[in-house]
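The values are calculated or read from the model by the stated rules, or taken from the named source; none is laboratory data. Quick caveat, the model's predicted, so the values are computed rather than measured. Cβ: placed from backbone, ideal geometry, glycine included. Neighbour counts: every protein chain shown. Surface areas here come from the heavy atoms of the whole protein model, side chains and all, with no ligands, DNA or RNA. Shrake-Rupley method; radii C 1.70, N 1.55, O 1.52, S 1.80 Å.
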Amino acid sequence: MGSPSLLFLLPLVAGLDFSYHHTEELETFLKDVHRNYSSITHLYSIGKSVKGRDLWVLALGRFPTQHKIGIPEFKYVANMHGDEAVGRELLLHLIDFFVTHDQHDPGITRLIDSTRIHIMPSMNPDGFEATDPLDCYPMEGRHNANKEDLNRNFPDAFVRNNATVQPETRAVMDWIKKETFVLSANLHGGSLVASYPFDNGNSVTLTSYPFSKTLDDDVFVHLANTYARNHASMSKGTSCDYADEFPEGITNGYAWYQLEGGMQDYNYIWGQCFEITLELSCCKYPPKDKLSSFWHDNKAALIEYIKQVHLGVKGRVLDKNGQPIPDAIVEVTGRRHVCPYKTNRDGEYYLLLLPGVYTLNATVPGSMSLLQKIDVPNGTENFSAQKYDFVFSSVPTRTKSSSCPRKPLYSPEYHENTSTTLKSMNYLVLINLSYVVLR
């Protein structure tokens with residue numbers, strides 16, 4: 001007779017086959033996982049689709065139900081386009097792999113110990129249910145039930161996109177605002193490439209070659225390369241029959257094609273979360289007998305990418321009494337975002353950085369800035385970013401922090417109208433003048 005622990009694992013392993021799981025089956029699987037592994041999982045819905053289907057998320061971690069100071073938050077989102085179905089199934093198998101290998105695989109155990117991982121298998125369940133799977137490129141299902149493309153539906157930092165925000169989009173925006181996400185990826189189909197921000201751009205961000213670069217371009221290139229190189233074939237740059245070739249299996253989003261209202265740009269600008277887009281299959285809805293090979297091709301890459309949440313530096317901003325200071329700005333000299341990266345309610349900050357020496361600038365509005373040079377190692381090796389806490393000896397009376405403006409952030413209008421206000425608030429750290437070019 002087998003050991004009790006092995007017998008306990010068998011039902012879930014046998015229960016998740018390589019096929020497409022519709023809404024009821026997906027919900028049943030997630031609820032079974034949570035019931036059987038309640039100590040490391042938390043199942044919750046962030047909202048509902050147009051047709052009232054739950055947008056389920058399974059969180060995994062040693063403290064799955066709530067954020068813990070020093071533990072970074074990571075997320076995967078799949079099936080944003082309902083007809084792109086491979087990612088949906090890959091995330092179910094990733095969940096199954098995590099819960100059955102915790103305490104059996106040292107690497108998986110350390111990852112669960114050190115990270116809170118949120119997995120949303122389907123952002124667009126209505127689209128998935130409307131898809132006819134008889135063809136690689138279904139005629140229906142890409143959009144939600146209101147016929148809106150969810151990856152064109154987010155606020156855009158470069159243009160005034162007038163799309164009506166959909167329930168699924170609003171739910172994700174609220175989710176990003178609630179959690180302290182550090183790193184993310186959204187899973188798509190129709191090509192084989194890892195794409196990174198920006199998807200949109202203008203004269204402020206465009207280079208002489210048609211790239212739209214962020215201030216953290218080195219980190220984004222590393223993130224995309226991490227996935228491509230750990231994938232079975234993505235880094236070879238082999239294109240689908242109809243698509244461009246992608247050297248090393250990665251591309252800047254704008255260099256591929258311009259996209260307005262995309263989710264990865266929104267995460268980076270408004271959510272303080274680095275996100276890339278993973279195109280994982282030339283065929284959007286391949287036959288189910290191909291799914292096991294997709295899992296084999298992507299498993300190592302999915303896991304290795306999560307580890308990158310431990311790059312860089314993390315810490316807290318505190319007053320002299322050890323109390324957290326929320327909404328303090330903590331950024332690297334030369335990487336000051338137009339939407340400033342601020343501490344959360346616990347005074348925490350997380351900055352993804354490649355190994356190297358950086359100068360951090362912590363600023364509390366109305367107070368002096370604190371500068372600190374930090375030697376940042378490769379935190380993925382120890383499953384922890386470098387730690388550094390800032391302590392302010394005196395802090396002015398705190399006022400409620402304003403949210404980042406919703407109008408286009410990289411337009412001359414934005415910078416002209418706000419420069420005087422920012423100076424009067426002693427908020428010069430909001431803008432990196434070497435980056436912002438008035439036109």
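When restricted to residues that are over 27 Å from Val204 (Cβ atoms), under 17 Å from the mean Cα position of the chain (by Cα) and surrounded by fewer than 20 Cβ atoms within 10 Å (Cβ to Cβ), the stretch 141-170 contains 1. Residue check: is Phe29 buried (at least 22 other Cβ atoms within 10 Å of the Cβ), under 24 Å from Ala300 (Cβ atoms), touching a helix residue (DSSP H, G or I) at 6+ places or on another chain (Cβ under 9 Å) and in contact (Cβ under 8 Å) with a residue 40 or more places away in the chain? Criteria not met by Phe29.
Across the stretch 217-235, the number of residues qualifying as open to solvent by less than 40 Å² (accessible area, probe 1.4 Å), touching a residue at least 60 places away in the same chain (Cβ under 8 Å) and assigned to a helix (DSSP H, G or I) comes to 6. For the criterion of being of a type outside the set (D, E, K, R) and within 18 Å of the chain's Cα centre (by Cα), Pro340 passes. Any residue at all in the stretch 325-339 that is among the polar types (S, T, N, Q) and over 22 Å from Ala78 (Cβ atoms)? For the stretch 325-339, residues among the polar types (S, T, N, Q) and over 22 Å from Ala78 (Cβ atoms): present. Could we say that Glu148 is out of contact with any Asp or Glu (no Cβ under 7 Å at 6 or more places or on another chain), of a type outside the set (Lys, Arg) and touching a residue at least 60 places away in the same chain (Cβ under 8 Å) here? Spelling it out, it is not the case that Glu148 is out of contact with any Asp or Glu (no Cβ under 7 Å at 6 or more places or on another chain), of a type outside the set (Lys, Arg) and touching a residue at least 60 places away in the same chain (Cβ under 8 Å). In summary, strands (runs of 3 or more DSSP E) completely within the stretch 324-377 and bearing 3 or more residues that are open to solvent by 10 Å² or more (accessible area, probe 1.4 Å) and more than 20 Å from Ile69 (Cα to Cα) occur at 356-363, 370-376.
A quick yes/no check of all residues on (1) among the polar types (S, T, N, Q); (2) outside any helix (DSSP H, G or I); (3) buried (at least 18 other Cβ atoms within 10 Å of the Cβ); (4) on the phi > 0 side of the Ramachandran plot:
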{"site": "Asp244", "(1), (2), (3), (4)": "no, yes, no, no"}
{"site": "Glu248", "(1), (2), (3), (4)": "no, no, no, yes"}
{"site": "Thr251", "(1), (2), (3), (4)": "yes, yes, yes, no"}
{"site": "Ala255", "(1), (2), (3), (4)": "no, no, yes, no"}
{"site": "Gly261", "(1), (2), (3), (4)": "no, yes, yes, yes"}
{"site": "Gln264", "(1), (2), (3), (4)": "yes, no, yes, no"}
{"site": "Gln272", "(1), (2), (3), (4)": "yes, yes, yes, yes"}
{"site": "Glu275", "(1), (2), (3), (4)": "no, yes, yes, no"}
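Of the residues Val309, Val317, only one is in a strand (DSSP E or B) and of a type in the set (Val, Ile, Thr); which? Matching residue, one of Val309, Val317: Val317.
So, in the stretch 389-403, exactly how many residues are surrounded by fewer than 17 Cβ atoms within 10 Å (Cβ to Cβ) and at pLDDT 95 or above?
Residues meeting the conditions: 2.
Annotation: His310 fulfils all but one of (1) out of contact with any His (no Cβ under 9 Å at 6 or more places or on another chain); (2) over 18 Å from Glu179 (Cα atoms); (3) touching a residue at least 24 places away in the same chain (Cβ under 8 Å); the unmet one is (2).
Looking at the structure I just gave you, is Glu304 acidic (Asp, Glu), within 15 Å of Asn225 (Cα to Cα) and part of a helix (DSSP H, G or I)?
Answer is yes for this residue.
Applying the set (1) in a strand (DSSP E or B); (2) within 24 Å of Thr333 (Cα to Cα) to Thr214 leaves exactly one unmet item: (1). Summed over the stretch 277-297, the residues that are assigned to a strand (DSSP E or B) and of a type in the set (A, V, I, L, M) give a count of 2.
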